[in-house]
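What follows is one structure encoded as structure tokens, with my remarks underneath.
The values are calculated or read from the model by the stated rules, or taken from the named source; none is laboratory data. Keep in mind it's a predicted model, so treat the numbers as computed, not measured. Note that each Cβ is placed from the backbone with ideal geometry, even for glycine, and that neighbours are counted across all protein chains shown. Only protein heavy atoms, including side chains, enter the accessible area calculation; ligands, DNA and RNA are left aside. Shrake-Rupley method; radii C 1.70, N 1.55, O 1.52, S 1.80 Å.
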Amino acid sequence: MSKNIVIVGAGVAGINAATKLVDNNYKGKITIIDMGKDPHKRLPSEVMTGMLGAGGWSDGKLTYHTAIGGQLSKYCGEDKAMELMDQVITNFKRFHPKPEEVQCSNPVAEPDFIKPEFGLRLFPVWHVGTDYLLEIAKNWYSYLVDNGVKFEWETKVVNIDFDTNHYECIEVGGDDTDTLIGQYDELIFAVGKSGIDFGKSLADQYDLPTEPKSVQIGVRFEAPQYHFQKLIDVSYDFKLYRKFDDKGVSLRSFCTNNNAAYVAVEETYGNYSYNGHAKKDEKYRNDMTNFGIIMEVNGIEDPFTWSRNLVKMLQIDNKGLYYSPSRIPSHTSEGDFVEAYQIDRLGMDEVREAFEGYFGYIDDFIDGMKKIFPTLKDDWGMYIPEVKYLSPEPLVDYTNLALTKYPNVHFVGDALSARGITVSGAQGIYVAEDILKHE
């Protein structure tokens, strides 16, 4: 008899898991629960929850390398990891309204002019196109619904009993005391960024063995594109990096957006942080570039709490911060100013103090960019903070990503520190394949 599968989270991991099951004529019940809205009702500004999650809603680039975005090959080996990522990319193409426009960039040579200051990670990236993500989400959603997948939208799972295989959920915006109780045979926990604290609370509640993670926090950097064009011509989604192994610190640029590039607000746990995306339509062209400068810090006790507390300190009037030596905050693709509180040099001194000295590495990263991009000078701005919340990673069975203490509960995506669209989707497919194998 086929099992009743419940997927918590309609992000990239959960949706790819359900698709793998449907594609293989899975006969059991599949239910997906998400706090957000279906793609026909979800607004562009509702970044964090809903169909395809945050990444599949606002970022049209699929990284195609196992060294970026998590440790997928750790679980299944290099060859299997690449095969799983191929399946994710194929899914984005099959639901794409114009799949012929999906292109892959694959830089192969590191330019000499960056070497005095940075290393450059080179890997293939599939460009799906941010402008097409809404239509992809609608097409994908219709396919799953037409094949019997049940969605519970605007519903929040508030408790899971791993011992009895039951969960409790409430209607978003409803009465917290009015709970609904459901049952599962197999649970795929795919909550994404907005549910990281829920995953941590479950780990604490059930005393799950975990692997400590690092702090990952920084800024979203923005400047006119022509400053970086020499490097963009080599690698569109360039990833500059620096390492300070003796200090337990490394920095990287990531999620680079060009041509029609916009900064986006992410609201998590009531606080603002920043990300970016690029439009394909020429009418949105602004000739700007933005990218994250993320600092990874190892050795901090309770990195999740440390990151949360730091982000809280980087808010003024319930907004994140913007600093520039010469510019004002930019506009969103809708024509509004990016929501941020602009600070001056004294404000930056307070930011550096809040970072407990670690912001000096970001300052040095920016100074290094000024050297290899000599026209940059003070013609830039940064939105503070950009953050990747990583709670301690629960230990899982490598064959199916199930908790070592609860073999019918599978953690995937950001709940397992995936940190990327392609890797998250691959983890979801990996779990689904194991369920199908045991049918």
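Highest mobility in the GNM of the chain, judged by mean-square fluctuation with C-alpha springs under 10 Å and restricted to Lys93, Lys230, Lys247, is found for Lys247. Axis of helix 421-437 versus longest Cα principal axis of the chain: the two differ by about 20°, to the nearest ten degrees.
What separates the Cα centres of the range 66-109 and the range 322-349 is a distance of 35 Å. Protein heavy-atom surface of the chain, 1.4 angstrom probe: 47% of the accessible area is carbon and sulfur, with nucleic acids and ligands not counted. Per-residue 3J(HN,Hα) values for the range 179-186, derived from phi via the Karplus relation 6.51 cos²θ - 1.76 cosθ + 1.60 with θ = phi - 60°, read 9, 10, 10, x, 10, 9, 9, 10 Hz in sequence order (x marks Gly and Pro).
For the range 365-439 versus the range 121-137, the inter-centroid distance based on Cα atoms is 17 Å.
Taking 32 Å as the limit for the C-alpha separation, the pairs Lys41/Lys98; Lys37/Lys388; Lys280/Lys319; Lys213/Lys280; Lys230/Lys280 exceed it in the case of Lys213/Lys280. Distances between placed amide hydrogens fall under 5 Å for Leu321 paired with Tyr341, Ile384, all partners being 5 or more residues away or on another chain. Over 27 Å, how big is the tail of the calculated P(r) for the range 1-154, in percent of all Cα pairs? More than 27 Å apart: 30 percent of the Cα pairs in the range 1-154.
For the chain, the mean residue ellipticity at 222 nm estimated from helices alone is -8000 deg cm²/dmol, where every DSSP H run of n ≥ 4 contributes -39500 (n - 2.57) and the total is divided by all residues, rounded to the nearest 500. In sequence order, the range 413-420 has phi-based couplings of x, 4, 5, 10, 6, 6, 6, x Hz under the Karplus curve 6.51 cos²θ - 1.76 cosθ + 1.60, θ = phi - 60°, and Gly or Pro positions carry x.
Each peptide in 49-58, 269-278, 118-127 receives the mean, over its residues, of other Cβ atoms within 10 Å, and ordering these scores from highest gives 49-58, 269-278, 118-127.
Could you work out how far helix 12-23 tilts from the main Cα principal axis of the chain, as a 0 to 90 degree angle to the nearest 10? Roughly 40 degrees between the two axes. Value of Rg to Rh for the range 186-325, rounded to two decimals, is 1.02; Kirkwood radius and Rg both from alpha-carbon coordinates. Summing charges over neighbours of Lys319, with a neighbour being any other residue whose Cβ is under 11 Å away from its Cβ, gives -3 when K and R count +1 and D and E count -1.
Distant-in-sequence amide contacts of His331, defined by a placed amide H-H separation under 5 Å and a gap of 5 or more residues or a different chain, comprise Val338. Among the protein heavy atoms, those of Arg42 account for about 10 Å² of accessible surface (1.4 Å probe, every chain in place). Heavy atoms of the protein chains alone define the surface here; on that basis the chain has 41 Å² accessible area per residue at 1.4 Å probe size.
Between the alpha-carbon centres of the range 249-303 and the range 171-247 there is a gap of 13 Å. By how many degrees, 0 to 90 and rounded to 10, does the Cα axis of helix 345-354 deviate from the longest principal axis of the chain? Around 40 degrees separate the two axes. For Glu266, the amide hydrogen comes within under 5 Å of the amide hydrogens of Ser273, Tyr274, Asn275, counting only partners 5 or more places away or on other chains and with H modelled in the peptide plane. Across the protein chains, with a 1.4 Å probe defining accessible surface, the residues His227, His438 rank His438, His227 from largest area downward.
Normalised radius of gyration for the chain, please: alpha carbon Rg relative to 2.2 N^0.38 Å, two decimal places.
0.95
Along the range 287-303 the Karplus relation, 6.51 cos²θ - 1.76 cosθ + 1.60 evaluated at θ = phi - 60°, assigns HN-Hα couplings of 6, 10, 10, 9, 7, x, 10, 9, 9, 9, 10, 9, x, 7, 5, 6, x Hz to successive residues, with x for each Gly and Pro.
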